[in-house]
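Take a look at the structure below.
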Amino acid sequence: MVWYQPLVFSALLGVSWCTEDWTFPPGFKFGAASSSYQVEGAWNVSDKGESIWDRFTHTRPEKILNGDNGDVACDSYHLWQEDIDNIADLGLHYYRFSISWPRLLPTGFANKISEDGARYYNNLIDGLLEKGIEPMVSLYHWDLPQTLQDLGGWTNPLIADWFADYARVAYSLFGDRVKMWLTINEPMIVCDSAYNTAIIAPGILNSDHGAFLCNKHVLLAHAKAYRVYEEEFRAQYQGEISIANQLIWYEAWTEDDEDIAELAVQYIAGRYSHAIYSEEGGWPPAIEKIIDENSKKKGYATSLLPAFTQEEIELIKGTYDYYAMNYYTSRVVRAAREGEQLIAFPIGDIPDLNAVVGVRPEWPASDASPESSATFFYIYPEGIRRQLVWLKNNYGNLKFAITENGAPDVGGLNDQGRIDYYQKHLKQLLLAIKEDGINLTHFTAWTLMDNFEWTDGYRSKFGLYEVDFNDPLRTRTPRNSARFYANIIKNNALDVE
Ligand code: NOJ
């Protein structure tokens with residue numbers, strides 16, 4: 001039904017596009033993503049340093065399903081050529097992967113560059129380019145050097161400089177060939193999930209201070225890394241940089257909850273975007289005010305959300321070439337009732353807003369096991385479009401890239417659930433492009449192949465390729481979704497009846 005509505009509007013407005021045209025704009029790019037800790041393995045080869053995920057999985061195996069870890073994972077450290085062949089078979093325009101900071105800089109600092117680490121990423125980049133596939137590189141996908149964690153990690157303000165030094169090394173080694181960079185992947189998970197729940201590395205629970213200190217420092221680290229590129233590399237290399245935010249789209253539970261839903265979006269999207277993309281910079285004002293009040297109620301003299309100096313505001317503002325969004329799922333939100341118990345964000349509610357978070361009964365859970373990811377990845381394809389429109393309304397019509405999107409299941413080659421998920425989300429993106437004027441240039445599937453899914457170990461599968469983790473060769477086999485995705489890429493269009 002709903003698909004006929006745009007047709008009518010288009011006809012009324014004399015717009016030539018109609019719903020039968022499910023073609024992507026010319027030059028639209030499709031890719032797939034992975035991350036170092038989730039696929040590389042080889043956790044201690046050569047001079048590689050230990051990461052916080054090595055430490056966390058080795059010392060607290062009870063925190064991970066079946067005590068699994070990424071010691072071997074997909075063994076992409078050795079099997080990268082096979083990965084490139086699979087990427088080429090899909091017809092991907094680009095491959096998003098991350099550099100392991102402790103693999104490239106074994107001490108965490110830029111005093112020592114690992115030759116083997118540099119060689120590995122050079123081989124991967126060159127191998128991709130030989131097949132006409134662009135590398136899109138994330139500098140940080142959660143595997144912080146343990147040496148830096150021992151100095152406070154993301155809660156230490158000096159990390160902004162350590163990160164900028166690391167970024168400079170990466171740009172100098174790879175910037176001649178890498179033109180799409182991402183600084184930090186999903187800072188909301190790095191900060192909020194990590195410190196408010198301690199279920200992921202570094203496993204430190206500190207919900208008053210941890211998340212907000214980290215929040216400020218990831219923004220500064222991103223900004224400094226951006227400025228290094230701008231000042232020292234851009235003229236020569238002409239690349240583009242952004243930060244990859246995972247945004248959960250929040251809608252009003254009932255029509256009375258519009259205000260709190262807007263605050264929830266500001267809390268998640270705004271706290272990691274406003275400083276970079278808004279005209280005035282700094283924290284989103286409404287959130288800054290609420291956290292200030294909450295901090296006073298808790299007996300603190302100053303806000304737990306650390307203030308920015310004017311200089312910091314200017315440093316961070318405008319440090320983007322595009323908006324990179326990871327999108328998986330949405331939530332509904334309402335004000336808590338008198339005496340209602342809240343569960344800490346982001347698994348559940350948002351205590352700072354006194355907000356209860358839920359899902360609509362008609363949003364299906366994913367095909368993953370009910371004990372695991374299924375309970376997070378409720379499916380609401382319209383959310384991806386609405387979130388983009390919110391970003392456009394708040395920060396202007398930027399260039400947008402979807403840097404992750406995908407759905408988990410429990411395995412098998414016939415992954416119809418994943419196909420439906422991609423089909424529906426890509427439809428919404430086409431509507432966003434054609435009806436809402438969103439300037440979307442890239443779509444990235446998460447993920448190329450099954451890999452280490454953090455606390456869920458190897459149970460939840462997200463791959464276009466299945467990986468046999470019982471086989472020492474880690475055999476990769478294309479799923480039906482791989483063929484489906486390859487077809488979309490070949491035709492630059494969705495196949496819609
Ligand atoms: C986002 C993260 O970037 C990625 O590492 C993770 O595997 C997927 N979400 C699925 O949970």
With just the Cα atoms defining each centre, how far is the stretch 427-497 from the stretch 166-216? Give it in Å.
24 Å
Considering only protein heavy atoms, what per residue accessible area in square angstrom results for the chain with a 1.4 angstrom probe?
38 Å²
Along the charge dipole of the stretch 9-491, pointing to its positive end and built from +1/-1 on Cβ of Lys, Arg, Asp and Glu, which listed residue (72, 187, 310) has its Cα farthest out?
310
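Please sort 195-201, 388-394 by packing, taking for each peptide the average over its residues of neighbouring beta carbons within 10 angstrom, highest first.
Going by the mean number of other Cβ atoms within 10 Å, highest first, we get 195-201, 388-394.
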Point-charge dipole on Cβ atoms (K/R +1, D/E -1) for the stretch 242-396, about Cα centre, debye to 20
200 debye
Rounded if a/c is under 1.5, else prolate if a/b is larger than b/c, else oblate: which is the chain, with a ≥ b ≥ c the root eigenvalues of its Cα gyration tensor?
rounded
Residues with beta-carbon under 12 Å from that of residue 57, excluding residue 57: net charge, scoring Lys, Arg +1 and Asp, Glu -1?
-3
Quick one: compute the contact order of the chain, relative version, from alpha carbon pairs under 8 angstrom and 6+ residues apart, as a percent.
16 percent
So for the stretch 9-491: antiparallel DSSP bridges make up what percent, rounded to the nearest 5?
20 percent
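With the cut-off at 1.5 for a/c, could you classify the stretch 207-269 from its C-alpha gyration tensor as rounded, prolate or oblate?
Details: a/c = 4.77, a/b = 2.07, b/c = 2.31.
Taking the square roots of the gyration eigenvalues as a ≥ b ≥ c, the stretch 207-269 is oblate.
Hey, can you rank 103-111, 216-224 by average C-beta count inside 10 Å, highest first?
216-224, 103-111
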Length-normalised contact order of the stretch 219-314, Cα under 8 Å, at least 6 apart, in percent, tallies to 18 percent
For the chain, what does the helix formula give at 222 nm: sum of -39500 (n - 2.57) over DSSP H segments with n ≥ 4, over the residue count, nearest 500 deg cm²/dmol?
-11500 deg cm²/dmol
With +1 on each Lys and Arg Cβ and -1 on each Asp and Glu Cβ, and nothing else charged, work out how big the dipole of the stretch 9-491 is about its Cα centre, in Debye to the nearest 20.
420 debye
In whole angstrom, how far apart do the alpha carbon centroids of the stretch 356-411 and the stretch 58-111 sit?
25 Å
If Lys and Arg each add +1 and Asp and Glu each add -1, what is the summed charge of the other residues whose beta carbon sits under 10 Å from the beta carbon of residue 96?
-2
Residue 180 - accessible surface, heavy atoms, 1.4 Å probe, Å² rounded to 10:
20 Å²
Leaving out same-chain residues fewer than 8 places away, which aspartates and glutamates sit with a Cα under 18 Å from that of residue 296?
208, 288, 352
Among 369, 27, 440, pick out the residue whose Cα is farthest towards the positive end of the charge dipole of the chain, where Lys and Arg carry +1 and Asp and Glu carry -1 on C-beta, about the Cα centre.
27
Please give the net charge around residue 207, taking every other residue with its beta carbon less than 13 angstrom from that of residue 207, where Lys and Arg add +1 and Asp and Glu add -1.
-3
Nearest 0.05, what FRET efficiency do residue 393 and residue 492 give at R0 = 25 Å with Cβ-Cβ as r?
0.35
Probe radius 1.4 Å, ligands and nucleic acids ignored: give me the carbon and sulfur share of the accessible area of the stretch 11-125 as a rounded percent.
51 percent
Let a ≥ b ≥ c be the square roots of the eigenvalues of the Cα gyration tensor of the stretch 135-238; is it rounded (a/c under 1.5), or, if not, prolate (a/b larger than b/c) or oblate?
prolate
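The values are calculated or read from the model by the stated rules, or taken from the named source; none is laboratory data. Since the model is a prediction, treat every value here as computed from it, not as a measurement. Methodologically, a virtual Cβ is constructed for each residue, glycine included, from the backbone with ideal geometry; neighbour enumeration extends over all protein chains shown. What goes into the accessible areas is simple: the full protein's heavy atoms, side chains included, and nothing from ligands, DNA or RNA. Shrake-Rupley method; radii C 1.70, N 1.55, O 1.52, S 1.80 Å.
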